[in-house]
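What follows is a short report on a single structure.
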Amino acid sequence: MRYTCLLTIMLLSHVANAQNDAFVINGKLLYTRADKIHLYIADVITNTMRVDSTVVRDGIFTFKGHAPTPLKAILFSFPDNNRLDFFVEPGKMSVESKDSLHAAVVHAGKLNADYVALKAITDVIDADMRQYNKAMQAAVAASPEKAKDAEFQKKWNEKRESVTGQLAKANLDFAQSHPDNIAAVYAIANVSQQTDLAVVKPLFMGLSETVRNSPLGKTYGAKIAKLEGLNVGALAPEFTQADTAGRNVSLKDFRGKYVLVDFWASWCGPCRAENPNLIKAYERYKGKNFTVLGISLDRQAARTAWLNAIRKDGLPWTQLSDLKGWDNQVGKMYGVEAVPKNFLIDPDGRIVAKDLRGEMLNERLAEILGN
């Protein structure tokens, strides 16, 4: 009898927990361009991406599931290819829109209410950059020689750097003013690839203990610990990977030189736009103990595209890849979550600079190697 009661209590506890972490998303789209909705949830507890989909009927759709903690999610509509970033929270949620999924309003808890305020700022900045990119790409299409024009590329790079700075400020300001919101962790993580750890870590430590001890907070806390090992002054992690001919090449093969480890991909527009500047730096300093080592985040299916990009862009330095995309072993060792990204490593194997692009790269190399 005692065993039966204990089992009953355990089962009731499990049912209660399942009910407490259950979520329902009720969608209402007052337009007819979406036939199907996909739901992607980044589960930081299991380190997996949950994927679900449903058909839209008369503008109505529903998703049900469980989330023991708020999780970052994306709704993606087809065939109009719109997306909505939000957080899945336990309980009932509603998503409503009159014109597009991207412009939908999420009715849920304070987490999403605050996150919507952040998105209102970053969406404007992102839209400005997309429009600028479109105009610059159209200019290149009309006059291909512009792709090699130094002033044209400088202007484009300056715009990208400006937008990156604006996005970083918006996210970091949000984190500072919302220390009790889990979305603050996401805001910090969103810009950690472009922001110095000396800025990011104190901001993260300033978040509430509850937020830092949440699954998302613990995941990012571990990432900070990893990033500290990639800070300027740290020894660069050693690696070996195959080149375009299948030969293994190691970072230690370049010991005694300054080497710019450049993470890129054939599909990355900003990476390809930066290549002329890298070539210019390479040609200027290759005789002064400097070289570049490319690490591609292309996948096996895009091997031909990778090789074509190397040839088309005229990249003369060694190129490596395990063709596993974002699962690239070297990329994971170096905490790469966005490209382009690079690390400048000195002859002793220590990281001396990170994320050098445009004039920043030329100025740093001139400082180290002279004009």
Over the stretch 356-371, the set of residues open to solvent by 30 Å² or more (accessible area, probe 1.4 Å), touching a residue at least 24 places away in the same chain (Cβ under 8 Å) and touching a strand residue (DSSP E or B) at 6+ places or on another chain (Cβ under 7 Å) is Ile368, Leu369
Thr195 passes all but one of the listed conditions (1) in a helix (DSSP H, G or I); (2) at pLDDT below 85; the exception is number (1)
Requested in this report: Answer yes or no: is there a residue in the stretch 169-191 that is open to solvent by less than 40 Å² (accessible area, probe 1.4 Å), at pLDDT below 90, within 21 Å of the chain's Cα centre (by Cα) and under 30 Å from Lys280 (Cβ atoms).
Outcome: yes
Residue hits (the stretch 273-304; within 22 Å of the chain's Cα centre (by Cα), among the small types (Gly, Ala, Ser) and either open to solvent by 10 Å² or more (accessible area, probe 1.4 Å) or at pLDDT below 95 (or both)) are Ala273, Ala301, Ala302
For the stretch 158-177, pairs from a residue that is over 14 Å from Val200 (Cβ atoms) to a residue that is open to solvent by 70 Å² or more (accessible area, probe 1.4 Å), with Cβ under 6 Å and 6 or more apart or across chains, are Thr164/Gln194; Ala170/Ile121
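Look at Ala273 and say whether it is outside any strand (DSSP E or B) and either within 30 Å of Arg130 (Cβ to Cβ) or touching a Pro at 6+ places or on another chain (Cβ under 7 Å) (or both).
Values: outside any strand (DSSP E or B): yes; either within 30 Å of Arg130 (Cβ to Cβ) or touching a Pro at 6+ places or on another chain (Cβ under 7 Å) (or both): yes.
Yes, satisfied.
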Screening Ala127, Ala120 for residues that are open to solvent by 20 Å² or more (accessible area, probe 1.4 Å), assigned to a helix (DSSP H, G or I) and over 25 Å from Cys268 (Cβ atoms) leaves only Ala120
Going through the stretch 341-355 in order, the residues found to be buried (at least 21 other Cβ atoms within 10 Å of the Cβ) and within 20 Å of the chain's Cα centre (by Cα) are Lys341, Asn342, Phe343
Taking the stretch 72-89 and keeping only residues that are farther than 15 Å from Ala42 by Cα and touching an Asp or Glu at 6+ places or on another chain (Cβ under 7 Å), one is left with Phe78, Pro79
Those residues of the stretch 215-247 which are assigned to a helix (DSSP H, G or I), open to solvent by 60 Å² or more (accessible area, probe 1.4 Å) and modelled with pLDDT of 90 or more amount to Lys218
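The values are calculated or read from the model by the stated rules, or taken from the named source; none is laboratory data. Because the structure is a prediction, the values reported are computed rather than measured. Cβ sites come from the backbone with ideal geometry, for glycine too, and all protein chains shown count toward neighbours. Note: areas computed on protein heavy atoms with side chains; ligands, DNA, RNA excluded. Shrake-Rupley method; radii C 1.70, N 1.55, O 1.52, S 1.80 Å.
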